[in-house]
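Single-structure report; data block below.
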Amino acid sequence: MRILIVEDDPLVALALRLYLTELGHTVVSTAADTTRVLQLADDGIEADLALVDLHLARGACGIEAAVQLRYLSGIASVFLTSDAEGAHAARHAAIGCLIKPICPSRLAAALMALDAFVQGQIPDHVPDGLEVFPAAMSAACSTPLYRDGQPN
């Protein structure tokens with residue numbers, strides 16, 4: 001998959017980039033705040049999924065970033081945060097939430113499960129720490145994580 005990382009901590013963003021690359025995904029870009037997300041959307045960024053932290057640099061809000069990504073670019077978001085309560089309250093803005101800290105095996109399992117949900121299937125396993133927001137799934141299903149049925 002082509003993935004956008006929206007994370008203000010440079011070490012976390014770097015670790016995510018390394019994990020995702022190890023797993024065979026492509027990181028299309030990173031953003032530390034909503035301003036950068038809007039710039040990327042304006043530039044026509046193409047991604048299959050965005051991993052979005054709730055609390056971003058300069059007081060920016062990951063919820064707003066997720067909403068704007070969906071509205072402007074059709075990119076579905078998954079909150080990647082240690083603030084499970086905040087993510088749950090913002091379930092209208094994303095297809096799910098993955099709780100930090102994250103390791104490559106949990107990230108891989110979560111991405112497999114999310115891909116299945118978005119493809120309209122029930123995954124074999126939903127890993128611990130991943131919550132899928134059912135109300136958001138119907139909207140997400142209209143934008144598959146794969147273009148033309150092929151992984152990117």
Within segment 11-26, the residues that are outside any helix (DSSP H, G or I) and not β-branched (Val, Ile, Thr) are Leu23, Gly24, His25
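Would you check which residues across segment 89-101 are surrounded by 14 or more Cβ atoms within 10 Å (Cβ to Cβ) and over 16 Å from Val132 (Cβ atoms) and list them? Let's see the steps before the verdict.
Our first condition is that a residue be surrounded by 14 or more Cβ atoms within 10 Å (Cβ to Cβ); within segment 89-101, this holds for 90-91, 93-100.
The answer is Lys100, and nothing else.
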Reported set for segment 37-55 where residues are under 17 Å from Arg17 (Cβ atoms) and either at pLDDT 90 or above or hydrophobic (A, V, I, L, M, F, W, C) (or both) is Val37, Leu40, Ile45, Ala47, Leu49, Ala50, Leu51, Val52, Asp53
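What residue, of Leu4, Leu23, Leu11, is within 15 Å of Leu80 (Cβ to Cβ) and over 16 Å from the mean Cα position of the chain (by Cα)? Break it down stepwise before answering.
Details: Leu4 fails: over 16 Å from the mean Cα position of the chain (by Cα); Leu23 fails: over 16 Å from the mean Cα position of the chain (by Cα).
Sole residue among the options that is within 15 Å of Leu80 (Cβ to Cβ) and over 16 Å from the mean Cα position of the chain (by Cα): Leu11.
Restrict the check to segment 51-69 and report whether at least one residue is of a type in the set (S, T, N, Q) and either buried (at least 22 other Cβ atoms within 10 Å of the Cβ) or without any contact (Cβ under 8 Å) to a residue 24 or more places away in the chain (or both). If you could, list the steps in order and put the result at the bottom.
Of the residues in segment 51-69, the ones of a type in the set (S, T, N, Q) are 68.
Subsequent filtering for residues that are either buried (at least 22 other Cβ atoms within 10 Å of the Cβ) or without any contact (Cβ under 8 Å) to a residue 24 or more places away in the chain (or both) retains none.
Looking through segment 51-69, none of the residues is of a type in the set (S, T, N, Q) and either buried (at least 22 other Cβ atoms within 10 Å of the Cβ) or without any contact (Cβ under 8 Å) to a residue 24 or more places away in the chain (or both).
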With criteria (1) assigned to a loop (DSSP other than H, G, I, E, B); (2) farther than 17 Å from Met1 by Cβ; (3) acidic (Asp, Glu), Glu64 comes up short on (1)
Among strands (runs of 3 or more DSSP E) entirely within segment 68-139, at least 3 residues that are at pLDDT 90 or above occur in 77-81
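Tell me which residues, restricted to segment 61-73, are among the small types (Gly, Ala, Ser) and more than 14 Å from Gly86 (Cα to Cα).
First pass over segment 61-73, keeping only residues among the small types (Gly, Ala, Ser): 62, 65-66, 73.
Hits for segment 61-73 are Ala65, Ser73.
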Among the residues of segment 1-44, the number that are open to solvent by 30 Å² or more (accessible area, probe 1.4 Å) and among the aliphatic types (A, V, I, L, M) is 9
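The values are calculated or read from the model by the stated rules, or taken from the named source; none is laboratory data. Every value quoted in this text rests on a predicted model; they were computed, and no experiment measured them. All Cβ positions, even for glycine, are placed from backbone atoms using ideal geometry, and neighbour counts span all protein chains on display. Remember, those area values only see protein heavy atoms, side chains included, never the ligands or the DNA or RNA. Shrake-Rupley method; radii C 1.70, N 1.55, O 1.52, S 1.80 Å.
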